[in-house]
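None of the figures in this text is laboratory data; all of them are computed from the coordinates on show. This one's a predicted model, so the numbers in the text were calculated from it and none came from an experiment. Please note: Cβ atoms are built from the backbone with ideal geometry, for glycine as well, and neighbour counts cover all protein chains shown.
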Amino acid sequence: MASARCGPSIREFLTYYVLVLLAAKRRTMPELVEEIDARSAENRAYRRNGALRVGTREMEGAIYSLADRGWVRLRPRGASWDITSAGRRARREIEQTFRGSSDSKQEAASKLIARLKEAPRGSYVLDVGTGEGFLARKLARRGFRVLGIDSGAFDYSKDSIERAREGMGSDNGRLELRRADVTELPCPHRGFDYIVSSQAVHCMKNQRKCLKAIHRLLKPGGRFLSLDFLVGLEGFLAHGFHCFLAMSREEWAQILPAIGFDDIHMYKVRNYLVVDARRPRSGGQTGAIASAAA
Ligand SMILES: C[S@@+](CC[C@H](N)C(=O)[O-])C[C@H]1O[C@@H](n2cnc3c(N)ncnc32)[C@H](O)[C@@H]1O
């Protein structure tokens, strides 16, 4: 089975997950593949080509790297793999390293907002997939004029705009909330100065179409800033299989220049990835990735 999503961070996730499965019971290679495949099937049903696909080749890579470290061993009888005591210790250490970061979304939001520090007060900002206004309200409080939109794509988000309105408080003057899909939103006269989104890109069924819409809605020179789940082990420990609906750094680096963004920056903030990209001022598209922090 070919895998579109097997980058380095996914391999790291796989090795951890194999340890978890083998800690519960011995399994053969086909059983391991089947188990992980079944668990990510729900994601794949939601977003074709988006979620994790694991084949025997990827699983072999994970198992042999674990065997090299002495964390798993093959039981020749029954050809099943088993975890060693060193493997159990390693698994505990991995969990301790990545757990305990529950405020990471706030931290990622602070990083995203810090990227706007040069923005003139009163800049016009669109928050795509605003939900209950997590980012929109923070930005309105900082003096930006904000439009928050949400398509109500899911059962849990059907009435999120109404709930966001209830929680609007004193930001009223600068914050407008609307039920709308980003792909159908008319462009304001000069375009938006900034477009932001929080944990929304992984929810978009057609990410390319939505990102093209975002590019179209930005004024030339305007910036798009997204925060979303980190793909891979750290993201998985915090967000479960949902993290595999998000875009990996490798995918962002491919799709953004292809759509016409440049000056691309990416920041890992605990189990989130903050992406910042610009719609070029004029037609010339360099597609340059200015920096990609670890
Ligand atoms: C997980 S919620 C995030 C809500 C909020 N931004 C937050 O950080 O708490 C993602 C939201 O994106 C919305 N969404 C998905 N696709 C969308 C689209 N094409 N246009 C506008 N909103 C969309 C969903 O309805 C959902 O409310």
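Identify all lysines with a Cα-Cα distance to residue 212 below 30 Å; exclude those on the same chain that are fewer than 8 residues away in sequence.
Residue 212 reaches 105, 111, 117, 138, 158, 268.
Does anyone have the angle between helix 85-98 and the longest principal axis of the chain? Alpha-carbon axes, 0 to 90°, nearest 10?
Computed tilt is about 10 degrees.
Can you tell me the alpha carbon radius of gyration of segment 94-180 divided by the globular rule-of-thumb value 2.2 N^0.38 Å?
The value comes to 1.22.
Dipole of the chain (Lys/Arg Cβ +1, Asp/Glu Cβ -1, origin at the Cα centre): which of 78, 167, 154 lies farthest to the positive side?
Checking the options against the dipole of the chain, the answer is 167.
With n ≥ 4 as the cut-off for DSSP H runs, can you work out [θ] at 222 nm for the chain, using -39500 (n - 2.57) per run divided by the number of residues, rounded to the nearest 500?
-12500 deg cm²/dmol
How compact and how long is segment 104-292, expressed as Rg and Dmax of its alpha-carbon atoms in Å?
Looking at segment 104-292, its Cα Rg and Dmax stand at 15.4, 44 Å.
Give a quick list of trypsin sites (Lys or Arg not before Pro) in segment 150-203 that DSSP marks as loop, anything other than H, G, I, E or B, with at most 14 other Cβ atoms within 10 Å.
Answer by residue number: 158, 190.
So, in Å, what gap is there between the alpha-carbon centers of segment 210-245 and segment 105-160?
If you average the Cα positions of each part, the centres end up 14 Å apart.
Go through 14-24, 270-280 and give me the packing order, highest mean Cβ count within 10 Å leading.
Values: 14-24: 19.1, 270-280: 23.3.
The packing order, highest mean first, is 270-280, 14-24.
So how tilted is helix 207-217 from the main axis of the chain? Cα-based, degrees 0 to 90, rounded to 10.
20
Listing 204, 168 from the residue with the fewest other Cβ atoms within 10 Å to the one with the most, what is the order? Don't skip to the end; give the middle numbers.
On the way: 204 24, 168 16.
So the ranking, lowest neighbour count to highest, is 168, 204.
Under a no-solvent Debye model with one identical scatterer per Cα of segment 8-98, what's log10 I(q)/I(0) at q = 0.18, 0.20 Å⁻¹?
-0.78, -0.94
Lys and Arg at +1, Asp and Glu at -1: add these up for the other residues within a Cβ distance under 13 Å of residue 184 and post the number.
Summing Lys and Arg as +1 and Asp and Glu as -1 gives +3.
Could you work out the relative contact order of segment 158-246, using alpha carbon pairs under 8 angstrom and six or more residues apart, expressed as a whole percent?
27
When you count, for each residue, the other Cβ atoms within 10 Å and take the mean per peptide, how do 207-216, 134-143 rank with the highest first?
Ranked by mean Cβ neighbours within 10 Å, highest first: 134-143, 207-216.
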